[in-house]
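I have placed the structure first, in the form of structure tokens, so that the comments after it can refer back to it.
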Amino acid sequence: MGPRTVPAVPNPAAPPIPAGLERWQLLELYRYLRLTRTLEERLTALYRQSKVIGGLFRSLGQEGESVASAYALERGRHQDILSPLIRNLGSMLVMGAQPIEILRQYMAKADSPTHGRELNVHFNDLEKGYLGQISHLGDMVPVMAGIALTFKMRGERRVGLVYVGDGATSTGTFHEGLNFAAVQRLPLVVIGEFNGYAYSTPPTKQFAVRDLAEKAKGYGIPAVTVDGNDVLAVYGATKHAVDRARQGKGVHFIEVKTFRRKGHAEHDDQHYVPKEEIERWARTNDPIDRFTATLLDHAWAEPAELTRLDGQVKDEVDQATDACVDEPLPAPDTALPGVFVEPATAERLWFRSL
């Protein structure tokens, strides 16, 4: 099911909307935020029923930066491309991924995008504009630099966007890819997620700088730090970076300060994080709560509109779940095709001998 839009009736008393957005876009952003959280909550329920195969990775507390940054891209066939991490489900939904695809993928269904060969968000759809990640975090920076290089070589006004966590900024591939993108002035935007922990390692135990943006500045890259739980701030910073990259002004780095309110995965009890820290972020700095308050306080949305969107999102996730939860797993004989090369025919062997 595709997104359902709500008629946007301007409120004459409302202040101007920043970042060049219109009212209907604010409602669409809200819908993607709610869809991300609702879908992940459904996946959590399925995980506890042992219907999810493998791990479950939540973006609780980080939905805002994923949705807002992806929303700044040009979406559609032959448009911009992003590479998400395991906590960037919201960015994939913005680019066009459907809830039923995500549900099938996590449950390893035969009709999942990878036909049960891979799990979570490890899958591609270049038509919609997202490239599945490599699990070795940081490696997607040079990969996306290569994709951005093709845009430049072909003279296409397209932009690549890649997410990287604070821990991955300590890997060699991150620095190699960033330096290459800087030297080649590639149309690439790198989102650095300062979310508090690299698995269980706090930033103070992995690097001496205060901000991730300082690492990018060392390569001559424009870099900014924004509040990652402020949807409009992330959108504005990303839109600015994307527009400059599209104009040929090279790679840009955006650090988003946020917080991972769940463990690395659902099996991680997060014992290494002070409980009061998690509670404080949930109480005072939830990105969806903050965005909702902004919409209502500025009269950019009516409570009834948001309630209606909440109901539509729940219906969409319910229908997607009902459609695929009892679908079969892949048949055993489908495991090998595409893994091993098919035996060479006699004709091919003869041709090779020439």
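A few remarks follow.
- The phi torsions of the stretch 113-119, fed into the Karplus equation with coefficients 6.51, -1.76 and 1.60 and a -60° offset, translate into couplings of x, 9, 6, x, 7, 9, 10 Hz, rounded to whole numbers, with Gly and Pro shown as x.
- Long-range amide H partners of T225 with built H, under 5 Å: E255
- Relative packing of 50-56, 248-254, which averages over residues the other C-beta atoms within 10 Å, highest first: 248-254, 50-56
- For S83, nonlocal amide neighbours, meaning residues 5 or more places apart or on other chains whose placed amide H falls under 5 Å from its own, are L131, L161, V162, Y163.
- In terms of overall dimensions, the chain has a Cα radius of gyration and Dmax of 21.2, 80 angstrom.
- DSSP beta bridges in the chain [antiparallel fraction, %, rounded to 5]: 10 percent
- Using the average count of surrounding beta-carbon atoms within 10 Å as a protection proxy, the listed peptides 130-141, 62-73 rank, highest first, as 62-73, 130-141.
- Global geometry of the stretch 80-149, whether rounded, prolate or oblate, following the gyration tensor of its Cα atoms and the 1.5 cut on a/c: prolate
- Structure-based [θ]222 nm, the chain - -39500 (n - 2.57) summed over DSSP H runs of at least 4, per residue, nearest 500: -13000 deg cm²/dmol
- Computed Rg/Rh of the stretch 201-354, alpha carbon atoms with Kirkwood Rh: 1.15
- Oblate is the label for the stretch 241-313, because a/c, from the alpha-carbon gyration tensor with a ≥ b ≥ c as root eigenvalues, is 1.5 or above and a/b does not exceed b/c.
- Aspartates and glutamates with Cα under 18 Å of K262, excluding same-chain neighbours fewer than 8 positions away: E40, E41, E63, E65, D166, E193, E276, E277, E279, D286, D289
- For the chain: relative contact order, % (alpha-carbon pairs under 8 angstrom, 6 or more apart): 22 percent
- Magnitude of the charge dipole for the chain, about its Cα centre and with charges confined to Cβ atoms of Lys, Arg (+1) and Asp, Glu (-1), is about 940 debye.
- At R0 = 35 Å, FRET efficiency that the Cβ-Cβ distance of K205 and R48 yields, to 0.05: 0.65
- Three-way shape label, the stretch 1-157, alpha-carbon gyration tensor, a/c 1.5: oblate
- Mean Cβ neighbour count within 10 Å, used as a protection proxy, ranking 297-307, 211-221 highest first: 211-221, 297-307
FYI, it's all coordinate maths here, none of it is from the lab. This structure is a prediction, so every number in the text was calculated from the model and none was measured. Positions of Cβ are generated from backbone atoms using ideal geometry, with glycine treated the same way; all protein chains shown enter the neighbour counts.
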